[in-house]
Amino acid sequence: MSAIDLIILGSLCQSPKSAYDLQKQIEARNLSRWIKIGSFTVYKKVVQYETKGYVVSEIIKNGRMPEKTMYTITQEGKEAFKEWMIKFSLAETRVFLDFNAVIVNMALIDDNLANECILNIKNSIHNTKLQITESLPSHADIPLFGRMILEQQFLLLETLEKWEENFEKEYEKVRKEK
């Protein structure tokens, strides 16, 4: 069970979809930005769900279009979805940002490389915040839950900007003491 499972089953609770449709919805919601999920993963997951009885599949052919497999959530799948919603809402909140792997190893590199890494992190935080800021007005029709996730991400990025500034100052102090 993972966040990916929750996202895919939640989407299937809304309506039957093909693996392609699921992937497109994930992309449209910008979820692949925060959760690593590709089309192969989506396909693999729906096949697993079918084996577990969470979904049933039906091959559909419309006119001259190629066949596609549509997945519909079962009652067992809906129950698993509800159970996972509770489990995820109770889970410990963990925040491990990919750049923390860089931070933890900063003492192992020279000052020039360290400065480059710090600048990269700073730019990444700034650019991600800018992307969210720019996307909010163009997505005025985003439902409440999606808007709240974007707001959460924006606020986290603002906090990360402050953290990065402080980290840069502290790192500079340590570097001068060498």
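At a glance:
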| read-out | value |
| --- | --- |
| Distance between segment 1-80 and segment 92-159 - C-alpha centres, whole angstrom | 28 Å |
| Average accessible surface area per residue within the chain, 1.4 Å rolling probe, Å² | 69 Å² |
| Percent accessible area from carbon and sulfur atoms, segment 1-136, protein chains only, probe 1.4 Å | 56 percent |
| FRET efficiency, 1/(1 + (r/R0)^6) with R0 45 Å, evaluated for LYS176 and LYS78 via beta carbons | 0.15 |
| Inter-label distance for ASP110 and GLU134, nm, one decimal - labels placed 7 Å from Cα along Cα-to-Cβ | 3.5 nm |
| Nearest-10 value in Å² for the accessible area of TYR20, using the 1.4 Å probe | 150 Å² |
| Förster radius 45 Å - calculated FRET efficiency between LEU97 and TYR20 (Cβ-Cβ, nearest 0.05) | 0.90 |
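The values are calculated or read from the model by the stated rules, or taken from the named source; none is laboratory data. This structure is a prediction, so every number in the text was calculated from the model and none was measured. Cβ: placed from backbone, ideal geometry, glycine included. Neighbour counts: every protein chain shown. Note: accessible area is taken over every heavy atom of the protein model, side chains too, but ligands, DNA and RNA are not part of it. Shrake-Rupley method; radii C 1.70, N 1.55, O 1.52, S 1.80 Å.
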